[in-house]
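The values are calculated or read from the model by the stated rules, or taken from the named source; none is laboratory data. Keep in mind the model is a prediction, meaning the values are calculated, not measured. Positions of Cβ are generated from backbone atoms using ideal geometry, with glycine treated the same way; all protein chains shown enter the neighbour counts.
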Amino acid sequence: MAKVKLGYPNQASGYPFTEDEIDGLMTAAWECALNWTTEDGWPVGVMHLFVWHEAHVWLSFMSHRHRAAAIRRDPRVSIIVTSSSAPPGSPQGQATMKGRAVFHDDVETVHWFYRALGEKSSPDDPVAQDALFESLDSPLRTVLEVIPEKWITFDTGKMLRDKLGTLDESERGELLPVDTVRMQAEIKRRGLEGP
C-alpha cells in the first residue's frame, strides 16, 4: 500500500506570499489570465497585459467581445499572475485573485490606462508608449478594473527553501483545511496509508 507523505507537493498551502510580496509580483509582472463564467456555466479565460494600480488590476479589451457581456452579467472574475512574466528578482510563484469587475468607459480613465500600460510596457521609450496609445485608442474599447476579494498564492522560493531545510518557521503559512481535513478524507477514500 502506498504511503502518502506530508509536505510538498501533497501539502502546498503552507507557502503563501505576504501582502508586500503580492504587491511586488503584481507590480513587476506584465501578463495575467482573466477568467470568467459563460452564460451556460463554462469557466473560460484570456491572457491580457495589465497594470497593477492602487492594489487593483486594470486591463482592456473591445466592448463587443463575449467576455464583456459575460462579465457585465456576473462581475465575479479571477485573475492569475505568475512570475514567468516578471523580471528576475521579483517574487517567484503565482497569485490567483478572486475579485469583482467594474467597467470604465470614460475618456479620462481609458486614456490614463493606455498611458500607464505604455509606461509599464516600454518604460524608457516614449515613442513606443505613444504608438501603443494610438493602437489602443478606439471608442469600442473598455477598461476593466478588478477589485480583489480573496488571494490564493504560492511562493516558490519558500517551497524550495523548505525542501533544502533553510525556511525560517516565521515564513511558513498555516496549512489550509484542503491540506489537512480534505487530504485525510482523500487518503481514506483511496484506501491509502496516511502519515
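The table below lists the values:
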quantity: Criterion (under 20 Å from residue 141 (Cβ atoms), modelled with pLDDT of 95 or more, assigned by TED's automatic domain parsing to the domain that holds residue 136 and touching a helix residue (DSSP H, G or I) at 6+ places or on another chain (Cβ under 8 Å)) met by exactly one of 53, 64; calculated: 53
quantity: Those residues of segment 4-55 which are in a loop (DSSP other than H, G, I, E, B), of a type in the set (Ser, Thr, Tyr) and free of Cβ contacts under 8 Å to residues at least 60 places away in the same chain, in sequence order; calculated: 18, 38
quantity: Matching residues in segment 94-114 - criterion: being of a type in the set (A, V, I, L, M), part of a strand (DSSP E or B) and over 13 Å from residue 34 (Cβ atoms); calculated: 95, 102
quantity: Segment 153-179 - residue that is over 18 Å from residue 21 (Cα atoms) and touching a residue at least 24 places away in the same chain (Cβ under 8 Å) and, of those, farthest from the chain's Cα centre (by Cα); calculated: 163
quantity: Residues of segment 125-168 satisfying the condition of being part of a loop (DSSP other than H, G, I, E, B) and in contact with a strand residue (DSSP E or B) (Cβ under 7 Å, 6 or more places away or on another chain); calculated: 140
quantity: Those residues of segment 91-129 which are in contact (Cβ under 8 Å) with a residue 60 or more places away in the chain and more than 23 Å from residue 65 (Cβ to Cβ), in sequence order; calculated: 91, 92, 93, 94, 95
quantity: From 127, 143, residue being among the hydrophobic types (A, V, I, L, M, F, W, C), surrounded by fewer than 14 Cβ atoms within 10 Å (Cβ to Cβ) and out of contact with any Gly (no Cβ under 7 Å at 6 or more places or on another chain); calculated: 127
quantity: Residue in segment 186-194 that is modelled with pLDDT under 90, touching a strand residue (DSSP E or B) at 6+ places or on another chain (Cβ under 8 Å) and among the acidic types (Asp, Glu) present; calculated: yes
quantity: Subset of segment 57-88 [within 30 Å of residue 14 (Cα to Cα), touching a residue at least 60 places away in the same chain (Cβ under 8 Å) and part of a loop (DSSP other than H, G, I, E, B)]; calculated: 86
